[in-house]
1. Among all the aspartates and glutamates, which ones have a C-alpha under 14 Å from LYS129's C-alpha, if same-chain residues fewer than 8 places away are not counted?
2. Within 10 Å, count the other beta carbons around each residue, average over each peptide in 230-243, 17-30, and list them highest first.
3. Taking the Cα atoms of region 43-189 alone, what are Rg (to one decimal) and Dmax (as a whole number) in Å?
4. Considering only protein heavy atoms and a probe of 1.4 Å, how much of the accessible area of region 149-191 is carbon and sulfur, as a whole percent?
5. Any chance you could run the full-extension gain for TYR46 through PHE230? It's 0.36 nm times the residue separation minus the Cα-Cα distance, nm to one decimal.
6. Quick one: Karplus J couplings for region 52-66, per residue in order, coefficients 6.51, -1.76, 1.60, θ = phi - 60°, nearest Hz, x for Gly and Pro?
7. Could the peptides 99-111, 141-153 be put in order, highest first, of the mean number of other beta-carbon atoms found within 10 Å of their residues?
8. R0 = 30 Å: FRET efficiency of ASP64 with HIS202, Cβ-based, nearest 0.05?
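The values are calculated or read from the model by the stated rules, or taken from the named source; none is laboratory data. If you're wondering where the values come from, they're calculated on a predicted model, not measured in any experiment. No Cβ is skipped: glycine too gets one built from the backbone with ideal geometry, and neighbour counts run over all protein chains shown. Just the protein is used for accessible areas: all its heavy atoms, side chains included, with ligands, DNA and RNA removed. Shrake-Rupley method; radii C 1.70, N 1.55, O 1.52, S 1.80 Å.
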Amino acid sequence: MWRRFYRSIWRLVEAAMLVLIWPLNQVFAVLFRNRVRPRSVLHICYPVHVVHYTVVLLRQHGFDAAYMALGDSEDWTECDYRFRRYAKWMPLTLTEFWWFWRVVSRYQTLYLHYMKGISEAGWEWPILKRMGRRIVVYHSGCEIRDRDRNMHLHPEMNICQDCDYNALICTSPHNHLLKRLTRRYADLELITTPDMRDFVPHGLHFPFFSPLEDVIPPRTRSYWPENKSFRIVHVTNHPGIEGTKHIEAAV
């Protein structure tokens, strides 16, 4: 009970802080508009390997690229900045404010994976646009799909019919907020698979890619005899949406 009361009070404090810093953000947007790193790109995403390798490739092509990871992970730790959304020593809004003006606002292009910025409320999106920054949103899956629409368009088979998440991601109120922000402020939307055009008709298809060997050195697979056997490796933590049962049936 006390914990719930404490959280409610803390949320009110954070909401009040957001209102109080709004005029300061407007002033800073004008003052720091030209404080930008040339040819710079900041990727913002959860801690994952794909974003790290993308940044490495961008650097090889002459871009000032960096990766800001949201939160911690035991599986992947390589990043340039680590943004912990819930800092214990200051209200969340001030944490976001500090990171935004210290790091995020300096980059020319913001590359947001899963429509995720540094704030839950999305207050930084209009500030970035006012400063002339470009926003690229990269859609990778459930966050942009609409399960009901998908079931209607493709009743015989679709990626949502065996959803592993009980449609919690695509139907969450916060996800709807992110979609509205994306529609209003994004300069470009990228999609990983063509089926997402049902939900992002103007999305540019930019599929997953395999990094070059100079980024990831090839492994020596001494435990696999070098012969002409055909092997299929299917690794997933989403057997429902990735169609594991259909793959097994085909094999």
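1. ASP187
2. 17-30, 230-243
3. Using the Cα atoms of region 43-189, the pair Rg, Dmax is 16.5, 52 Å.
4. After summing per-atom areas, the C and S share lands at 56 percent.
5. Length gained, TYR46 through PHE230: 62.8 nm.
6. 3J(HN,Hα) across region 52-66, in whole Hz: 4, 5, 4, 5, 4, 5, 4, 5, 5, 9, x, 8, 8, 10, 8.
7. My ranking of the peptides, most packed first, is 99-111, 141-153.
8. About 0.60, to the nearest 0.05.
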